[in-house]
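Asks: Can you keep this structure in mind? I'll have questions shortly.
The values are calculated or read from the model by the stated rules, or taken from the named source; none is laboratory data. Predicted model, so just to flag it, every value in this text is computed and none were measured. When we count neighbours, we look across all protein chains shown, and the Cβ atoms used for this are built from the backbone with ideal geometry, even at glycine. All accessible areas refer to the heavy atoms of the entire protein, side chains included, with ligands and DNA or RNA removed. Shrake-Rupley method; radii C 1.70, N 1.55, O 1.52, S 1.80 Å.
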Amino acid sequence: MTPDLPACSPLRLGEEAPDFTARSTRGVVSLSDYRGRWLALFSHPADFTPVCTSEFVAIARASDRFSAMGCELMAVSVDSLFSHLAWIRAIKDRFDVTVEFPIIEDPTLQIARAYGMVGANAVDASAVRATYFLDPEGILRASTWYPLSVGRSVEEMLRLVAALQRVHDGTTLAPEGWRPGDDLLAVPSQDIDDVLAAPDGTDWFYTLVRDPR
């Protein structure tokens, strides 16, 4: 484990995610190993719990869809590596699903605290269901937080990754509920001359454009 990760408030959009090195079900991994690729880093409260199990089964079944989008997956909780391994085996035996992505152990809560998954002085080791969507430079582009009692939507995770990737170059915006193939929104001009020059009846601030991809 990388020592002395700083405790901080929840990671903010546009900030670089703190690097770490830790043991996982796929060997020792570092966050920096994933530079150059999109990454969904997500925490779960505990192994062998019903909501977490439902999430991991669904995410594992959708792993090929994330991979096809060039997005890697990495999970983390305070449970030990041996607990992770036993849970993966139980999921395989119960659901015939193999969890291929790495699950990191964080028994000292260093990662959880560094990312704001738990408070700096928390006595309960159960992290919230936080998901951090990192771009290829390791910058946080979106995050979601769910309570212990409600599971994440894998379809929304996939939709969000697709939307983030599509607007990453800054030339377009994704409207409500956008999915690949839907129309996008043009980035409105911030120049008053452009605004005043727009023809009457033109919604200069709201222009749908076809997705050329």
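Asks: Would you point out which residue out of A90, A86 is aliphatic (A, V, I, L, M), farther than 20 Å from E156 by Cβ, at pLDDT 95 or above and touching an Asp or Glu at 6+ places or on another chain (Cβ under 8 Å)? Explain how you work it out, then say what you get.
Replies: Values: A90 fails: touching an Asp or Glu at 6+ places or on another chain (Cβ under 8 Å).
After ruling out the rest, the residue left standing is A86.
Asks: Follow-up question, since we're still on this one. Quick check on this structure: which one of I91, I59 is surrounded by 14 or more Cβ atoms within 10 Å (Cβ to Cβ) and over 16 Å from the mean Cα position of the chain (by Cα)? Spell out the reasoning first.
Replies: Values: I59 fails: over 16 Å from the mean Cα position of the chain (by Cα).
Residue meeting the stated conditions: I91.
Asks: Moving to a separate point now. Between a residue in segment 156-175 that is open to solvent by 40 Å² or more (accessible area, probe 1.4 Å) and any residue that is assigned to a helix (DSSP H, G or I), which pairs come within a Cβ distance under 9 Å, given they are 6 or more apart or on different chains?
Replies: L173/V167; A174/A162; A174/A163; A174/L164; A174/R166; A174/V167
Asks: With respect to D169, is the statement that it is part of a loop (DSSP other than H, G, I, E, B) and at pLDDT below 75 true?
Replies: The answer is no for D169.
Asks: Given the criteria modelled with pLDDT under 95, out of contact with any helix residue (DSSP H, G or I) (no Cβ under 7 Å at 6 or more places or on another chain), of a type in the set (A, V, I, L, M) and on the phi > 0 side of the Ramachandran plot, does L109 qualify?
Replies: So L109 fits the description; yes.
Asks: So how many residues does segment 114-147 have that are at pLDDT 85 or above and either more than 15 Å from the chain's Cα centre (by Cα) or aliphatic (A, V, I, L, M) (or both)?
Replies: So the answer is 7.
Asks: Of the residues R26, R37, which is out of contact with any Asp or Glu (no Cβ under 6 Å at 6 or more places or on another chain), within 17 Å of E100 (Cβ to Cβ) and open to solvent by 50 Å² or more (accessible area, probe 1.4 Å)?
Replies: R26
Asks: If you don't mind, there's one more thing I want to ask. For segment 74-86, state whether one or more residues are within 23 Å of W145 (Cβ to Cβ), touching a residue at least 60 places away in the same chain (Cβ under 8 Å) and not in a helix (DSSP H, G or I).
Replies: no
Asks: Please go through segment 186-196 and pick out each residue that is among the hydrophobic types (A, V, I, L, M, F, W, C) and either open to solvent by 80 Å² or more (accessible area, probe 1.4 Å) or under 22 Å from W38 (Cβ atoms) (or both).
Replies: Residues satisfying the conditions are V187, I192, L196.
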